[in-house]
Each structure stands twice: as C-alpha cells, then as structure tokens.
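Down below is the structure, laid out as structure tokens.
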Amino acid sequence: MKYRRFQSKVVVRIDKGEEIVTSLSHLCKKLNIKSGTIIGIGATNKITIGLMNTETKKYQSKELTGDHEITPLVGNITTKDGEVYLHLHITVCNDEHQALGGHLTSAVVSATFEGVIDIIDGEITREFDTSASLNLLKL
C-alpha cells in the first residue's frame, strides 16, 4: 500500500494481493484518522459481502471469486471502543457486467485499488444498539 496526504485528504493505492479492509484500517491507525469518509475504485478477485437480515438480525455473507471491478466502494470511518471502525459498502461487476453489492467484509485486490479518504476534524464514535443489533453512530 502507498499513500499521500494532502491536508484533510489522503490518496491511497492498495496493490495486488493486499486485502482492502485490513489495509485501510492500518492506514487509519497509522495516520490517527478517527472520522472520515472513503470512496474508491479498483479490482478484486476474492470478496466477501454481506446483507443484514433485519428479521434475524444476522449478516448473510457471500463470497465471490473471479475477476470483479469495484464500482465503487464507499463508506465511513469512525471509532468504537477506541479502535478504528470502518463501515464499508461495495458494488462489484462481474465479467457479464452484472452488479452485486453489500456490506464489505473482505476484498483481495487483483490489480489495484485507488481511494480517497476525506478526514473529518473530530471523532465520531459508535455504540451497539440492541433494538437494531447494529453498531450505530453516536451523535
């Protein structure tokens, strides 16, 4: 992974074979980013996405393999219990130009990933909400 910071923005490139969520989490810790947004594009060949079943309150995960374009990844950066908390969603397209998407759990870069982090000056935290069974923004 390579990155370059420009005041409140960070441009990041994640290289082939690197995992996106882990790489972004490490970068946020290294740069002490507590709140922000991220957007990115790229390619992956191994991805796990999820969908929250609101009745069972459990994530239903699906792993996809093979070449997929990231069109795009979007999300936010907050903290929970003092640790970086990434909430990322992704849309990917396969070789038949079919789009699939959901909550991003993991994605391994197959060519490159290019993203921009927009840092928010301050810290936004999350707390677990029992009725939703989700870690919601504490505002």
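The values are calculated or read from the model by the stated rules, or taken from the named source; none is laboratory data. Note that the coordinates shown come from a computational prediction; the quantities given were computed from them, not determined experimentally. Note that each Cβ is placed from the backbone with ideal geometry, even for glycine, and that neighbours are counted across all protein chains shown.
Observations on the model:
- N45 being modelled with pLDDT of 95 or more, touching a Gly at 6+ places or on another chain (Cβ under 8 Å), assigned to a strand (DSSP E or B) and under 21 Å from K138 (Cα atoms): no
- Leading residue by the ranking (nearest to D67 (Cα to Cα)) among those in the range 117-139 that are in contact with a Gly (Cβ under 7 Å, 6 or more places away or on another chain) and in a strand (DSSP E or B): I117
- One residue stands out among those in the range 75-100 that are in a strand (DSSP E or B) and over 12 Å from the mean Cα position of the chain (by Cα): the one that is nearest to G50 (Cα to Cα), which is L100.
- Selection status of N32, of a type outside the set (S, T, Y), at pLDDT below 95 and over 15 Å from the mean Cα position of the chain (by Cα): no
- Matching entry among I33, I70 (being assigned to a loop (DSSP other than H, G, I, E, B) and crowded, with 17+ Cβ neighbours inside 10 Å): I33
- Restricting L104, L64 to residues that are more than 18 Å from H26 (Cβ to Cβ) and assigned to a strand (DSSP E or B) narrows the list to L64.
- Residues (more than 15 Å from V21 (Cβ to Cβ), in contact with an Asp or Glu (Cβ under 7 Å, 6 or more places away or on another chain) and β-branched (V, I, T)) located in the range 72-124: T79, T112
- Condition broken by L88, with the remaining ones in (1) touching a His at 6+ places or on another chain (Cβ under 9 Å); (2) farther than 30 Å from F128 by Cβ; (3) touching a residue at least 60 places away in the same chain (Cβ under 8 Å) satisfied: (2)
- Residues of the range 56-73 classified as without any contact (Cβ under 8 Å) to a residue 40 or more places away in the chain and among the small types (G, A, S), total: 1
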